[in-house]
Amino acid sequence: MSVNEAQHLDRPTNRGRKAELFVIGAGSAGLTAAVEAGRLGFHAMVVEKNSRVGGLARTESYKDFLFDLGGHRFFTKLDWVDSWWRDMIGDAFLRRPRLSRIFYSGTFFSYPPSFFNAVSGLGPIEGLRIALSYLKAQIFPTRPVVTFENWVSNNFGKRLFSIFFESYTEKVWGISCKELRAEWAAQRIKNMSLKTILKSMLVSTRREVTSLIEEFEYPRQGPGMMWRAAAERVEVQGGQVFLQTELMRLAHAGGRVLHAEVRNGERVRSIKADAFISTLPLPELIAKLEPAPPADVLAAAAQLKFRDFLTVCLIVDTPFLFPDNWIYVHEPKVKVARIQNFKNWSPHMVPDQSKTSLGLEYFCSRSDAVWNAPDKELVKLATDELVTIGLVRDAATIVDGCVFRVANAYPVYDEEYADAVSTIRRYIETFENLRSAGRNGLHRYNNQDHSMLAGRLAARELLLFERADLWNLNTEEDYHERKVVLQDGVPRERRLDTASTAASERP
């Protein structure tokens, strides 16, 4: 049965034998772990509560229009990830030019922010203020760097922070930039500053910053194409992928998980395995463990927060609207935070080339009015806001729309998260046959390739007893600057028993 269909647990589930690796979640981390297990000769079983594989990187469909939930560039400095991707979908990659801009105060600005572009858009007086603010930050930087505001102000100046970072960031996260931790900026816009941007415009350097990359690769039919191929590979290797199958509990005793109880429709079944990998959000994993964890672990799990988002997908009766892959909307008078133009990601996402498909992203929480609004109201809201911004002049050209919601899309880096994660980590590490991986499983804002690395290393740790520090992936300073050349799956000059498995290549 195709992994794109619901698979039912009343059919033979273990093909006559117990699963050696049981994976919860068919996203990038979970499927990479299952593929790695099969490659090593072990039997893997994957359960996914949704009807599609891919997790946060799945591709949704509406009337043959394809929608990428978030926009996923395929770019990596990990050689093995690049080879893995090509092994999965071969020549299905398209080479795409990157164009993203900021919409602010009725004007489009380049992103990453360009000093000269900002000056031309904001005027010479504001440009002078930006320059003086940046110089002040270089002479009198904030120390220590604790918050997102500290980090960005030090690297761009307080003036540019207030114009190009503050309103958008608070729209996305729903908390003040004084509450959001600096670790988020260090991961997502690391190695980028006004100095770096100016240098990139004036001189050629061998060092590239992720946010400055001008091209990327993209599967013809969106990121879900990659993860459907990965799920099919799991089954070809002798493993299994069950969709619409939810984990109910993980029974454990003596520092080992004994079995998983899962539900598919009305069918509930207990499945034994030798080893378990969870890509669930950490609070969900903690809630599924039986017996329940100690009180301090439960309290830590309750402290972790996530940001949800929804995409309002609109079909516009025009062949071209704007050249960008995506636009950041810093305009405070509208609620939309980012707009994806899927035709510019891949023309194969749009079945009718006389049309354009857009994804308007609204960041929210499940208790918010936006999340709970009827789809029809959200389509109208998105339509009105496109007209307000001026990207669409006539609302009548928007001929159809739909809504896709994504829960727990972004782990929040607030004041409490680090201590809470440490408490949960210490508890999970008491289980010899359980690992947590992926963006939500580590509560780290990882890209696809880092999530894949976590899944792969978790599988090897459990099945081959190699050691890896999964919790510290994507903390190194050089990751996005230099390629990581892996030998037998291990960073050169460092083995899996070292402190960091994602260290950069040493000269």
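The values are calculated or read from the model by the stated rules, or taken from the named source; none is laboratory data. Here the structure is a predicted model, which is why all the values come from computation and not from measurement. Neighbour counts are summed over all protein chains in view; Cβ atoms, including those assigned to glycine, are modelled from backbone coordinates with ideal geometry.
Going by what's in this entry, would residue 244 be described as in contact with a Gly (Cβ under 8 Å, 6 or more places away or on another chain), modelled with pLDDT of 95 or more, in the same structural domain as residue 458 (by TED's automatic domain parsing) and within 26 Å of residue 40 (Cβ to Cβ)? Against the criterion (in contact with a Gly (Cβ under 8 Å, 6 or more places away or on another chain), modelled with pLDDT of 95 or more, in the same structural domain as residue 458 (by TED's automatic domain parsing) and within 26 Å of residue 40 (Cβ to Cβ)), residue 244 does not qualify. If we scan region 260-276, do we find a residue that is outside any strand (DSSP E or B) and either at pLDDT 95 or above or closer than 19 Å to residue 56 by Cα (or both)? No.
Being among the charged types (D, E, K, R) and assigned to a loop (DSSP other than H, G, I, E, B) is the filter here; which residues of region 458-473 pass it? So that I can check it myself, show each step before the final result.
First pass over region 458-473, keeping only residues among the charged types (D, E, K, R): 460-461, 466-467, 469.
Across region 458-473, the qualifying residues are 466, 467, 469.
Kindly indicate whether any position in region 84-95 is touching a His at 6+ places or on another chain (Cβ under 7 Å) and within 27 Å of residue 435 (Cβ to Cβ). First the steps, then the outcome.
Residues of region 84-95 that are touching a His at 6+ places or on another chain (Cβ under 7 Å), as a first pass: none.
No: zero hits.
Of the residues 285, 321, 314, which is touching a strand residue (DSSP E or B) at 6+ places or on another chain (Cβ under 8 Å), part of a loop (DSSP other than H, G, I, E, B) and not polar (S, T, N, Q)? Let's see the steps before the verdict.
On the way: 285 fails: part of a loop (DSSP other than H, G, I, E, B); 314 fails: part of a loop (DSSP other than H, G, I, E, B).
321 is the lone residue from the list that is touching a strand residue (DSSP E or B) at 6+ places or on another chain (Cβ under 8 Å), part of a loop (DSSP other than H, G, I, E, B) and not polar (S, T, N, Q).
Check every one of the helices (runs of 4 or more DSSP H) wholly within region 350-452 and list those with 3 or more residues that are touching a residue at least 40 places away in the same chain (Cβ under 8 Å) and either buried (at least 19 other Cβ atoms within 10 Å of the Cβ) or at positive phi (or both).
Working: elements: 369-372, 375-389, 417-428, 438-442.
Here the list reads 375-389, 417-428, 438-442.
Residue count for region 305-324, restricted to those that are in contact with a Ser or Thr (Cβ under 8 Å, 6 or more places away or on another chain) and surrounded by 22 or more Cβ atoms within 10 Å (Cβ to Cβ): 3. Screening 395, 437 for residues that are assigned by TED's automatic domain parsing to the domain that holds residue 333 and not aromatic (Phe, Trp, Tyr) leaves exactly one candidate, 395.
One residue alone among 105, 176, 153 is over 23 Å from the mean Cα position of the chain (by Cα) and free of Cβ contacts under 8 Å to residues at least 60 places away in the same chain, and that residue is 153.
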